[in-house]
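To start, the structure under review is shown below, and the notes come after it.
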Amino acid sequence: MADREKFIFEDHSALQLIVGTSSTAKKIIADIERDTGVKIHLRGGEVTLEGESEESRNHVAKLLQELYRMARSGDAIHPQDFGRALEIVRDNSNTGLNDVYGDRLLVGSNNWKGVTPRSLAQKYYIDSMRNHSLTFGVGPAGTGKTYLAVAMAVRRLQDKQIRKIVLTRPAVEAGENLGFLPGTLEEKISPYMRPLYDALFDILGRVRTEKYLEESVIEIAPLAYMRGRTINDAFIILDEAQNTSREQMKMFLTRIGTGSWVVVTGDPSQVDSLEPSGLVHSLHVLRRVRTIAICPFTETDVMRHPLVQEIVRAYDRDRIERHERRNGHRRERNIAIEPANGELLATKSNGKTQ
């Protein structure tokens, strides 16, 4: 028989923010129950947890208690973040929910809620950008890599730690040859920079963003136009870096001037260029440089519709299966040709670059 534990929450309104009657909250609670094996029974301000595992009951109890304290202080999190909050609680570090969700990168105003991390990976990413001159944010689309980088750039601009924000991105489809396209430079590259514009409009508003663009406080530049420059006292963001060549990445990283901060974002699994990825190469070359931060994201950090996580997982499984099939076929061919070296060949085919 499963063991039970009861908890009393005196502030019913705060409790309703966590386990409210909306369909979304009910679904999230059901997901937590399925994930932990702990049943959650609510009656007024009394919550009963039922489950065979004491550890799982403790995790759910800690989750509800921390969410309750945050709700009472006006920092209730979105129900879709409950699963990530559970992972934070399960983590054996001293990081609490308020350490993550209470970290205000940008304070909200009017109908805008501001910017705070929504997962441990995002918290690590934000702290890395605070403490390192060069930060790599690597992982699937929808994990907040670009948005948080723009938010950090705006924060440093507000704090007068920099004089300008420089946003750049490789224009792969145009072959970096933008001279033949009609319009101004900004009009030529605008389609490629849309994610960065969207983040700026969301954070600063369209009017202020356009004002900063006119005054060159914010500069939009294709990667090809970065050559030969040294950029001082700026926050520089290279987006979609997986589509850079090795030469382009080296060129970009050597543009860093004094007083500048740089963030490089990209998804190594989404390379559109036919050339070897400059991002993948740089992660290998720079992996032992301690003053550089490399922040990995996974599909569990995707902040878009929950279906996106499932899509990312499905494609990752397919990629791994195809990789294993290819390696298996190569191994069979190699062993058939050189049976004496079969063990060595198999080892090489399974090797991974860290």
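Just so it is clear, none of the values below were taken in a lab; they were calculated from the coordinates. All figures in this text were calculated on a predicted structure; none of them were measured in a lab. FYI the Cβ positions are ideal-geometry reconstructions off the backbone, even for glycines, and counts take in every protein chain you see.
Projected onto their three principal axes, the Cα atoms of the range 202-259 cover extents of 37, 25, 17 Å, largest first. Its alpha carbons considered, the range 237-301 gives a radius of gyration followed by a Dmax of 12.0, 36 Å.
Okay, which of the range 284-300 sit inside 17 Å, backbone N to the point 7 Å along the Cα-Cβ direction of Arg317? Within reach of a label on Arg317: 299-300. Under a no-solvent Debye model with one identical scatterer per Cα of the range 58-104, what's log10 I(q)/I(0) at q = 0.23, 0.29 Å⁻¹? Here the Debye-derived log intensity ratios amount to -0.78, -1.24.
When restricted to Cα atoms, the range 82-141 yields an Rg and a Dmax of 12.7, 37 Å, respectively. Averaging Cα coordinates gives a centre for the range 205-278 and one for the range 149-172; these two points are 10 Å apart. Shape analysis of the range 1-107 based on the Cα gyration tensor places the equivalent ellipsoid semi-axes at 21, 16, 13 Å, largest first. If you plug the beta carbon distance of Leu213 and Asp3 into 1/(1 + (r/R0)^6) with R0 = 45 Å, you get a FRET efficiency near 0.15. Figure legend: label point modelled 7 angstrom from the Cα of Thr298 along Cα→Cβ; residues of the range 125-163 with amide N under 16 Å from it are 125, 138-141, 143.
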